[in-house]
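Everything on this sheet refers to the single structure shown next.
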Amino acid sequence: MAYYFIFPELDATIYSHPDRTKMNTGGDEILEIVKEKGSSDQRYYPSRVLIKFKNEEIKDTISNKIGSSTFNNGTSEVALQLLSSEHKNLTDVLNLEVFAVSQSWNEGTGRYSNLPTGSNGVSWVYRDNDTTRTEWTTSSFGVATTGSIDASGITKGGGVWYTGSAFQGSQQFLRGDNLDTNINVTSIVQKHSASLFANSTYPTGIFNHGFLIKQPDSVETNTSNSFGEMKYFSVDTHTIYPPRLTFKWDDSTHNKQSSAKQSGELSVSLYRNKEEYNQNDEATFRIHVRDKYPTRQFTSSSNFLNAGYFTTSSFYSIRDAHTEEEVIPFDNNFTKLSADNEGMYFKIYMNGLQPERYYRVLFKHINNEGTEIYDDNYHFKVVR
């Protein structure tokens with residue numbers, strides 16, 4: 001499989017609103033990038049999101065799934081994906097920025113709705129809790145780091161992060177766009193991996209303290225406009241939409257292409273595949289490609305049993321069978337089908353999919369007559 005998902009160990013929203021600068025939301029089901037109006041003034045105060053993935057899972061993915069050489073040779077990608085739960089009052093153009101956090105923090109178990117306010121984890125002011133009170137650095141920052149916010153009336157704090165293009169990512173949204181994030185954080189994860197595998201220090205490597213998501217400074221410091229609300233499912237969601245770090249690479253091989261089907265009506269189906277897979281399985285899906293109406297020949301075996309092949313411009317996609325949402329989209333770089341003497345195939349690590357769900361497999365073939373989508377209505381289930 002050339003798409004592999006890991007899910008956060010920690011996430012939280014931190015708020016600069018005067019009533020919430022010490023509030024922890026580590027147990028909330030929603031992460032939000034919003035600007036809230038003050039209780040006693042007309043200012044708008046920004047929030048930010050912190051999210052972190054386990055070192056062990058990052059190392060395992062790079063070492064045992066992708067391979068260190070492939071991960072570091074510029075042919076793989078890593079994306080930070082948060083799935084939108086709600087949005088409203090948005091402007092025509094929105095931008096989100098992601099940075100590599102440079103200081104550690106504790107998630108906590110607080111919720112926005114708690115009374116009294118929870119304070120046993122990270123907040124705008126503190127990176128641990130309201131008891132130990134270890135504050136985020138707000139001045140005299142370390143080498144190549146920055147943080148806080150320079151706006152009158154807004155409490156200093158809100159995280160500390162590395163500066164420089166190798167330590168950040170961004171995404172722009174236009175009116176009508178899908179607001180799920182798909183932010184390229186490859187360079188940040190490469191910096192994390194250099195620290196994890198080789199104990200490299202800045203600028204070659206940095207400790208993994210996760211990511212900080214925020215709006216641009218020009219938006220955060222504009223205290224007279226809200227710019228709308230963007231809300232995303234957190235790791236504590238009771239839905240199938242937790243945030244994920246998506247690793248992408250090309251694992252396809254083509255050892256048999258002499259009988260590739262360039263055009264014509266084709267029949268495409270899966271064979272020797274199970275209907276149910278364990279969450280820990282690494283599954284290989286076999287694909288049977290043949291002419292829908294093969295030329296009649298005088299042979300001792302059926303022409304319908306002859307294995308055929310797509311060209312190298314062939315891809316797979318995985319959809320949730322209930323919602324029809326793309327879990328793994330057709331990707332011309334990272335979901336190519338492989339081929340060997342038995343036919344065509346692709347692999348999936350099932351622990352990247354949500355358990356107790358049914359999924360559907362589709363295929364795309366680009367040939368000299370255009371693009372064809374094949375849907376054999378094949379379903380499989382992932383179980384715990």
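Values in this text are rule-based calculations from the coordinates and carry no lab data. No experiment lies behind these values; they were computed from the predicted model shown. Note that each Cβ is placed from the backbone with ideal geometry, even for glycine, and that neighbours are counted across all protein chains shown.
Viscosity 1.567 mPa s, temperature 4 °C: what is the translational diffusion coefficient of the stretch 52-134 from Stokes-Einstein with a Kirkwood Rh over Cα pairs, rounded to a whole number of µm²/s? List each step's numbers first, then the result.
Details: Rh = 16.8 Å.
D, rounded to a whole number, is 77 µm²/s.
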- Listed residues Gly205, Gly370, Gly343; largest mean-square fluctuation, Gaussian network over the chain with Cα springs below 10 Å, found at Gly370
- Note on the structure: Nearest 10, in degrees from 0 to 90: the angle of helix 186-198 to the longest Cα principal axis of the chain is 90 degrees
- Note on the structure: The percentage of Cα-Cα pairs in the chain separated by more than 32 Å is 42 percent
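How large is the dipole of the chain about the Cα centre if only Lys and Arg carry +1 and Asp and Glu carry -1, each at its Cβ, rounded to the nearest 20 debye?
Numbers: 37 positive and 46 negative charges, 89 e Å.
In total the dipole reaches around 420 debye.
With 28 Å as the limit, write out which pairs from Lys52/Lys274; Lys35/Lys59; Lys52/Lys336; Lys59/Lys88; Lys214/Lys336; Lys22/Lys231 have Cα-Cα distances beyond it, or answer none. Please list the in-between numbers first.
On the way: Lys52/Lys274 34 Å; Lys35/Lys59 36 Å; Lys52/Lys336 30 Å; Lys59/Lys88 38 Å; Lys214/Lys336 34 Å; Lys22/Lys231 20 Å.
Beyond 28 Å between Cα atoms: Lys52/Lys274; Lys35/Lys59; Lys52/Lys336; Lys59/Lys88; Lys214/Lys336.
Would you mind getting the Kirkwood hydrodynamic radius of the stretch 37-79 from its Cα pairs, rounded to one decimal in Å?
Working: mean 1/r = 0.0723 Å⁻¹.
Roughly 13.8 Å, rounded to one decimal.
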- Item | Share of Cα-Cα pairs in the stretch 114-222 lying beyond 23 Å, as whole percent | 43 percent
- Message: Limiting things to C-alpha atoms, what are the Rg and the maximum Cα-Cα separation (Dmax) for the stretch 266-383, in angstroms?
- Response: 15.1, 48
- State the Cα centre-to-centre distance between the stretch 274-290 and the stretch 346-367 in whole Å. 9 Å
- When the distances between all Cα atoms of the stretch 1-104 are binned every 10 Å from zero, what whole-number percent does each bin get? 11, 35, 31, 17, 6, 1
